[in-house]
Amino acid sequence: MTEQYTKEELKKCLGSWRWRLEHLYHIVDKSGKDVQFIPNRAQRKFLDNLGHRNIVLKGRQIGLTTCWALIQLDQAIFRDNTRTVIQAQDKVTASALFRNTIVYAWEHMPPVVLKGRHTISDSKTMLEFNNGSSIEVTSSARGQTPFMLHISELGKTAARYPGKAREVMTGSITGLPKDGWGCIESTAEGRDGVFADLVLEAIKRLEAGHIAGPLDWRFHFFSWFDMDEYSLEDSSEVVSPADDEYFATIEARNGITLSQGQRQWYCSIRRNNYGGDPQQMHQEFPSFAEEAFDQSTEGCWFTEQMKSLRRNGRITDVPWQRGYPVHTFWDIGRSDGTGIWFFQHRDGQDNFIRYYEDWEQEWDVYVAAMQRFGYVFGTHFLPHDADHRRQVKTSGQANTAKKILEDLGLTNIVIVPRTPDKMVSINKARTKLPNVWFDKTNCADGIKHLDCYGKTWDTRHSCWLDIPDKSKGHSECADAWMQFSDGYSVAKTTNLVDISNMVTIQQTSPFMGGGWR
């Protein structure tokens, strides 16, 4: 704040949250410099059209996360007894956002405007002020009741951890009061998942002329061309006739005129950052909302097999059948998640009845989840690294996943040997996939992962490599399924368990026949 104000003028200005936002806060810009936050064109457009509940589909580096974070900080400072929460997609992102945006802006506030406002508590995730207000950045806001809530990059969460994304909606969003303020913003990550569902429903209602009610999500879309800086000057970047044809379509659709510099910027980013992959460009820098959800099956490992399953009606209602043991197939991890397929073989038919995944959890969480399903378990197939020792957070001691799970009560654990050539495992899975059955409801998340399990894109040579892409959150599920195609045979599993007799027997342990009653 460099302008000079009289006491009365300053008092009047401080009564406006919009003025405060545009004059009081400092950020670190993309080049690492300290600058006063002045909303860019996209941010101004967003601020001019705010509703109580806002859902934002955007291109990369638009600055909406920073903008909304500063709004929440401003409300915590200047509005008494106001709890504000930002939920980031993971702990690392949450920590960086809190430190680099929230704490930085607070520490660089002009002292003259604070009138005795100070923190009474600060931690690595929260600032609490002496007016009863607070701002917290976390990776889970479930169970909280904030007046302002920001869910950042829900699309990425939905793509990698569908269960966690649904929990955001049933837990975090549910705690937002009717008169509260919420914002969900993200780039797109395919057409599936709760973020895509929310955006596509909001677009549909907008196109139908519905006026948003107090609990409806107001849709905002920001494209790459909403950013003035996304343009090149004096560039030799070639814009092909096909590109010009695409840009003409965008101009007609949006009622805009794109400069040559904007066209060259777009072509340069696509070539240099994404190896010429148009689908990736559409996702990260969409020109219109629907384009962001373009999802090609090119480069996906199981495209033909999943088509065959649907064509033959094998993704349907496949309920759990009493009297047959349930076998499990695992991919284990912590930071990158753990996936478990639940399977029954009955009457010569291979049935997948459930898929379950979670992230950054200890083993007892997975065991407890399995117990809640109420199945009688047969054999548990774990990957080769389940025999590798790793540190356990709760005890601080190193042990193997197999031993930890056995200590938790699982029996009949089989370690599936590692297949040295990943392509052998993938081809085995391709062979077996068309011949199994999936429950369409309880396996929905797993089915999406198998649909999207893809190859790695070689940006240098603009081609697909026969190497699985582990960056998009689909490999855990696919690897768990490959424990079935690599390691399962009927002869390896326990015999049928007659649970009708089992329930009459008094047991002191919840385990019987390798599973739970």
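Things worth noting here:
- Convex hull projection area averaged over all views, the chain, Cα basis, nm²: 29.7 nm²
- Annotation: lysines with alpha-carbon distance below 16 angstrom to Lys115 (same-chain offsets under eight excluded): Lys7, Lys11, Lys12.
- Anisotropy class of the range 7-222 from Cα gyration tensor, a/c 1.5 cut: prolate
- The amide H of Lys440, built 1.01 Å from its N in the peptide plane, has Thr316, Asp317, Val318 as neighbours under 5 Å, considering only residues 5 or more places off or on other chains.
- Spin-label model, Gln4/Arg253: points 7 Å from Cα along the beta carbon direction are separated by 5.3 nm.
- Extension gain, His461 to Ser308, is 51.9 nm, computed as 0.36 nm per intervening residue step minus the present C-alpha separation.
- Going from the fewest other Cβ atoms within 10 Å to the most, the residues Trp224, Trp19 appear in the order Trp19, Trp224.
- By the helix-only formula, in which each DSSP H run with n ≥ 4 contributes -39500 (n - 2.57) and the sum is divided by residues, the chain has a 222 nm mean residue ellipticity of -9500 deg cm²/dmol.
- In this structure, the amide hydrogen of Phe219, modeled 1.01 Å from its nitrogen in the peptide plane, lies closer than 5 angstrom to those of Ile55, counting only residues at least 5 positions away or on a different chain.
- Counting only DSSP beta bridges with both residues in the chain, the antiparallel share comes to about 50 percent.
- Of the residues Ile315, Ile340, the one with the fewest other Cβ atoms within 10 Å heads the list, and the complete ranking is Ile315, Ile340.
- Set of aspartates and glutamates with alpha-carbon distance to Lys440 below 13 Å, sequence-local pairs under 8 removed: Asp317
- On the beta carbon distance between Ser123 and Leu408, with R0 = 30 Å, the FRET formula returns roughly 0.40.
- Taking a span of 15 Å or more along the helix axis (Cα atoms) and a mean Kyte-Doolittle hydropathy of at least 0.0 as the rule, the DSSP H helices of the chain that qualify are 64-78, 194-207, 363-373.
- HN-Hα J in Hz across the range 403-413 - Karplus 6.51, -1.76, 1.60, θ = phi - 60°, x for Gly and Pro: 5, 4, 5, 5, 5, 7, x, 6, 10, 6, 8
- Of the peptides 469-479, 66-76, the ranking by mean beta-carbon count within 10 Å, highest at the top, reads 66-76, 469-479.
- FRET efficiency for the pair Lys12 and Val112, taken as 1/(1 + (r/R0)^6) with r the Cβ-Cβ distance and R0 = 22 Å, rounds to 0.90.
- Using θ = phi - 60° in the Karplus curve 6.51 cos²θ - 1.76 cosθ + 1.60, the 3J(HN,Hα) couplings for the range 183-188 round to 9, 10, 9, 5, 7, 7 Hz; x is entered for Gly and Pro.
- Neighbourhood charge, 13 Å Cβ-Cβ cut-off, centred on Ala42 and excluding it, Lys, Arg +1 and Asp, Glu -1: 0
- Amide hydrogen neighbours beyond the local backbone of His26, cut-off 5 Å, H modeled: Phe37
- Gyration tensor (alpha-carbon) shape descriptor, the range 230-293, a/c threshold 1.5: oblate
- Counting all C-alpha pairs of the range 248-371, share separated by more than 20 Å (%): 67 percent
- Formal net charge of residues neighbouring Thr84 (Cβ-Cβ distance under 10 Å; K, R +1; D, E -1): 0
- Mean separation of Cα contacts under 8 Å, 6 or more apart, over the residue count of the chain: relative contact order %: 13 percent
Every number here is computed from the coordinates shown, using simple stated rules; none is lab data. Source: prediction; values computed, not measured. Backbone-built Cβ (ideal geometry, glycine too); neighbour counts: all protein chains shown.
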